[in-house]
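Quick notes on the structure that follows.
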Amino acid sequence: MEKILLEAQDITVNYGAIKALSGFSLKLMEHEIVSVIGANGAGKSTFMNALMGMVRITGGKFFLEGSPLSSKNYKIVRSGLSLVPEGRRIFTPLTVEENLRIGAFSRKNRNEIRDDYDWIFSLFPILKERLKQYAGTLSGGEQQMLAIGRALMAKPKILLLDEPSLGLAPIIIQNIFKELKRINEQGVSILLVEQNAKQALLLSHRAYVLQTGRLLKEGFSRDLLEDSDIKAAYLGQSS
Amino acid sequence: MKRNIILILIGLALALWPLGGYQEGIIILMCINCVAAMGVSILTGFTGIFTLGHAAYMALGAYTAAILTVRYGISVFPSILAGGFMAILVAWLIGLPTLKLTGDYYAIASLGLCEAIRLILENWQSFTRGSRGFPGIEPYTTRGFAVTIFIFLAIITFNFLESRLGRELKASRDDGVAASLMGFDTHKSKMKALVISAFYCGISGALLGGYMGFIQPSMFDMMKSTELTAVVVFGGLGSLSGTILGSAAITLIMEYFRDISQYRMLIYGLLLVIIMVFRPEGLLGSREIWDLKMGVKK
Ligand SMILES: Nc1ncnc2c1ncn2[C@@H]1O[C@H](COP(=O)(O)OP(=O)(O)O)[C@@H](O)[C@H]1O
Ligand SMILES: [Mg+2]
């Protein structure tokens, strides 16, 4: 049987009077790619930030491999979750190399860290060429690759991505999503939130549709791709 | 490494170049000021926390070393270290509540701290002799000693800024949220930077006492605090070589134009305005001097 890696139960988040998430639940199995799709303002980033301990939840619980997840962000990172945040948030005044090394902060084993550099360079060879370059001088696509590489340097069990396609040209999006698939095939589970529903559904095994903080629908991604409501509301214009 | 060798050569030149007593004094002051400025640079330039009160840590270091050597006959080196540790202790107590909050709470608290420490030193007459000052400090800060400590700390600081801890500080400066996401406890990162910077200032204060032979609370007022931060901004936030150059330059200017030293605040103000207008990123920006030479641009 497949093992449940991550479970979110009835997560509720309020920003003052604004209800950003109302009782949202989700499961991520080992080796799985799950996506959460929804329009702008649906609560996707709120969910990711709540999961990483960056936003306080008003209700609900997170479980990682059956045990409650800590609420302190640095403990969450150490327990195996690593987020590529919305808008990438790389350290622009630092070099590509420094960014990657910072990503490995929570780890000790130097040999393993060295192997992971090679792994990341095999996924994104451009980063190796740009190693000494200041991260702020990279193109948007390269910055997103760096953000993913930096997150992978933490050697996560689960890679979380908040809108990795944001602001990128379609061809670059496809390139990055192809690498996400490879990352997953090499044993990292992936939780992805996206406005770009088509790309997310093409990549993921299962998906949840979020609408103004509530679950609208969930299921296998290939079924959702054929679902007439989803087609009309989310797949209309997207590439 | 090449950089360490260059620093040692600079140190040898500063220590051994035959000079008259007046020039020697300027070199000692330069080293003392550079040590304090490096401390503030770690906090403000590399961790992004503004301070307007680091003269307080100099005062703590100076009075601790002076009282230990003069009144308790403790030898010089442990007394100087004790000065550094006294600064660490107070910084830790101040940082604990204020650095937890985001924004510039520390800067505001540091203003109060500076005045509070000065008032305590002025009013605790039985222990510190108050505003009359504390005389009779053994002149232990010789040129060789000041240069050795400065170069030693400079080498350590350059290397530490490229270490794991250095990257931790820069990450929390550049993007606190992203740093948290990398698994940093950003409150702890900031505490580390504050405590280290206080230590440097404590050592610097202890050296100043050993150079002047006499200390008084007014030497460590807000003007001195402002000067420390101004020098770091002047040299370029995030550039240690810029801090050192800036601090050395300002010490020289102030000493060679002693006659106009009552206008020093005016001069700082003017310098800062000129920098803001013509080079808002400071003398060296956020690059070290050797990066500029290689033409690496922002
Ligand atoms: N820090 C905040 N303070 C107040 N409201 C917020 C904050 N962050 C997000 N919101 C609100 O919460 C809702 C969900 O936002 P978000 O999670 O960013 O959505 P998404 O990532 O799906 O676009 C929106 O209505 C947004 O305006
Ligand atoms: Mg979002």
Cross-link reach from A:Lys3 to aspartates and glutamates, straight Cα distance under 12 Å and at least 8 residues apart if same chain, gives A:Glu30, A:Glu32, A:Glu65
Taking 8 Å as the Cα distance limit and 6 or more residues as the minimum spacing, I'd like the relative contact order of chain A as a percentage.
28 percent
Hydropathy first: keep DSSP H helices in chain B averaging at least -0.5 on Kyte-Doolittle, then drop any whose Cα extent along the axis falls short of 18 Å, and list what survives.
B:2-16, B:21-40, B:55-72, B:76-98, B:105-123, B:143-161, B:186-212, B:222-235, B:240-256, B:264-278
Distance in nm between pseudo-label sites at B:Thr102 and B:Glu162 (7 Å out along the Cβ direction from Cα):
3.3 nm
Order these peptides, B:243-249, A:153-159, by their mean beta-carbon neighbour count within 10 angstrom, highest first.
B:243-249, A:153-159
In degrees rounded to 10, the 0-90 angle between helix A:140-152 Cα long axis and the longest Cα principal axis of chain A is 90 degrees
In whole Hz and in residue order, list the ³J(HN,Hα) couplings for the range A:215-226 that follow from phi through the Karplus curve 6.51 cos²θ - 1.76 cosθ + 1.60, θ = phi - 60°; x for Gly and Pro.
6, 9, 6, 9, x, 6, 4, 5, 6, 5, 4, 9
Hey, could you grab the Kirkwood Rh for the protein assembly as shown? Inverse mean 1/r over distinct alpha carbon pairs, Å, one decimal.
25.7 Å
Quote the relative contact order of the range B:158-298 in percent (integer), defining contacts as alpha-carbon pairs under 8 Å separated by 6+ residues.
19 percent
So, by mean Cβ neighbours within 10 angstrom, what's the order for A:65-75, B:219-229 with the highest one leading?
B:219-229, A:65-75
The range B:2-220 - percent relative contact order, Cα under 8 Å, separation 6 or more:
41 percent
Would you mind checking which residues have amide H under 5 Å from A:Leu21's amide H? H placed 1.01 Å from N; only 5 or more apart, or other chain.
A:Val13
Whole-angstrom gap from the range B:129-193 to the range B:27-54, using each part's C-alpha centre:
8 Å
Tell me the angle of helix A:110-123 to the major Cα principal axis of chain A, expressed in degrees between 0 and 90 and rounded to the nearest ten.
70 degrees
Using +1 on the beta carbon of Lys and Arg, -1 on that of Asp and Glu, and nothing else charged, what's the dipole of the range B:2-220 about the Cα centre, debye to 20?
220 debye
Calc'd 3J(HN,Hα), the range A:57-70, phi into Karplus 6.51 cos²θ - 1.76 cosθ + 1.60 (θ = phi - 60°), Hz, glycine/Pro = x, comes to 8, 8, x, x, 8, 10, 10, 10, 6, x, 9, x, 7, 4
Under the rule of at least 5 residues apart or a separate chain, name every residue whose amide H is placed under 5 Å from the amide H of A:Leu216.
A:Val209, A:Leu210, A:Gln211
Check A:Gly59: other-chain or 5+ apart residues with amide H under 5 Å from its amide H, H built from backbone geometry?
A:Thr12
Set A:Lys157/B:Lys190; A:Lys155/A:Lys198; A:Lys75/A:Lys178; A:Lys108/A:Lys132 screened for pairs whose C-alpha atoms are more than 25 Å apart:
A:Lys157/B:Lys190; A:Lys155/A:Lys198; A:Lys75/A:Lys178
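Computed from the coordinates by the stated procedures, all read-outs in this text should not be read as laboratory data. Note that the coordinates shown come from a computational prediction; the quantities given were computed from them, not determined experimentally. As a convention, Cβ positions derive from the backbone with ideal geometry for all residues, glycine included, and neighbour counts pool all protein chains shown.
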